[in-house]
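Heads up: the structure comes next, in structure tokens.
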Amino acid sequence: MVVRRPPGRRAQILAVAADRFHRSGYHQVSMTEVAAGVGITAPALYRHFRGKPELLDRALRLGLDALACGLRGARTTGDLGAALAAVAVGHRPLGTLVQRDARLLPPARRAALRRELRADVALMTAVLRAGRPELPLPDAELICWSALSACTGLSYQSAAPQPRRAEAVLRELVAAVLAASPGGAAAHPDSAAHPGPAIVPAADPVAPGSPEPRPQARREELLAAAVRLFHQRGFDNVSTDQLGAAVGISGPSVYRHFDSKAQLLAASLVRSRERLWQEVDGAFAAAAGPEAALTAGLGAYVGFALRNGDYLGAMLSETERLAPPDRRVAVDFRRDFLRTWVGLLRRVRPEYDAVEARIRVHALFALVNDGVRNRPHSARPDLGDCLLHLGRAVLGLPGTDGGRVPAPR
């Protein structure tokens, strides 16, 4: 007797896998868990997919194909917003899969994914410049990358908002980003214009013959190196030998400062988290009034991001690798940080309810976090100004193109 597989079984498996990877992180999910979510056995799952790497690859492909299909039919900026919003809502895990888990794919697949995203942005750029021919190509590309990044912010919401409402808000904020001018118009504090010394130092090891740093200084060097290496290579792909070499010591010497690699990860994220809060909260506190506070906080966040892109990347990609107590602390911080921004935004724009404010704040964080790490645009000398102005558009702050906009053409 021939046993027929239920129609759509592969699509069902990919949907479950994408959701599990999105919620827990690739390394935390087993094939058995995916199979259970579909209601089949693990051996049955292996008849469809060879293993987790293929599952991740195909889950990404499902979302990226939907994105490319939507963008190919776009003729106006309104069409672009509709396509981006529909994919962000219909394939909500895609943002975290691209930004966090795709780096775990083989190099050839990572390169192919990047080419596909560049092709998508090229489609968007052609549509945008047809309506705004005065835009230089680099500015148009940055705007389109920013619109794409802003929509991925929906992936990081703990609870999905009502789909139609989410699509409406995303279409509106994409329209604001596509209508914005990326450079110069936004005033900013000195911290964004002049980032100052980076918290994460260069990768050069300590020179032979240099005086041995004090234990506390060596610990700080290790914390900084860990953030950089965990972001660039992933927690599981960084050895203690590599960590030690980054600061000029042997691998076993790392254990003189930290009991384990996991403890080093936790401590490095804590240190960076403390500095982020100190800078942003200080900007909020020094400002006179909600709008000034939101503007100052935006400048502080952009300034921090310009100097600490590795921390923001590690925060996104490695939080799931923390031990449960440390992970809860990290998640609580992100929740409180978000709540502070949402409350302040609603004081400035009281017409936003909590749902819209959360979508916009998540979009802001995604836009800035991607913007400082997305080459070649991350090398722009005016990137701070660009991100400030585009960020104001996403938040819909008064005095920018980012407020309520007319219906797209």
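Derivation of every value follows stated rules applied to the coordinates shown; laboratory data play no part. Please read all numbers here as calculations on a predicted model, not as lab measurements. We place every Cβ from the backbone using ideal geometry, glycine too, and count neighbours over all the protein chains shown.
Here is how the numbers come out for the structure above:
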| item | result |
| --- | --- |
| GluC sites (Glu not before Pro) within the stretch 71-146: DSSP coil, no more than 13 neighbouring Cβ in 10 Å | Glu134 |
| Overall form of the chain per C-alpha gyration tensor (a/c, 1.5; a/b vs b/c) | oblate |
| The stretch 10-58: trypsin sites (Lys or Arg not before Pro) falling in loop per DSSP and having at most 15 other Cβ within 10 Å | Arg47, Arg50 |
| Sites Ala66 and Ser378, calculated FRET efficiency, Cβ-Cβ separation with R0 30 Å, nearest 0.05 | 0.65 |
| Student exercise, the chain dipole from Lys, Arg, Asp, Glu Cβ charges, in Debye to nearest 20 | 1420 |
| Projected label distance in nm at Glu116 and Glu291, using a 7 Å step from Cα toward the beta-carbon | 4.4 |
| Cα centroid separation, the stretch 25-40 to the stretch 218-281 (Å) | 30 |
| Sum of -39500 (n - 2.57) over DSSP H runs of 4+, divided by residues of the chain (222 nm, nearest 500) | -21000 deg cm²/dmol |
| Length released on extending from Arg10 to Arg327, taking residue separation times 0.36 nm less the Cα-Cα span | 110.9 nm |
| Computed lengthening from Ala168 to Asp79, 0.36 nm per intervening residue step minus Cα-Cα distance | 30.8 nm |
| Distance histogram in 10 Å bins (all Cα pairs of the stretch 61-133, percent per bin) | 20, 48, 26, 6 |
| Computed FRET value (nearest 0.05) for Gln28 with Ala108, which takes r as the C-beta separation and R₀ as 35 Å | 0.90 |
| Most positive-pole-ward Cα, Ala166, Ala217, Ala330, against dipole of the chain from beta carbon charges | Ala166 |
| Point-to-point label distance, Val270-Arg233, nm (Cα→Cβ direction, 7 Å offset) | 2.4 |
| Kyte-Doolittle mean at least -1.0, axial Cα span of 27 Å or more - DSSP H helices of the chain | 52-72, 107-131, 261-286, 324-348 |
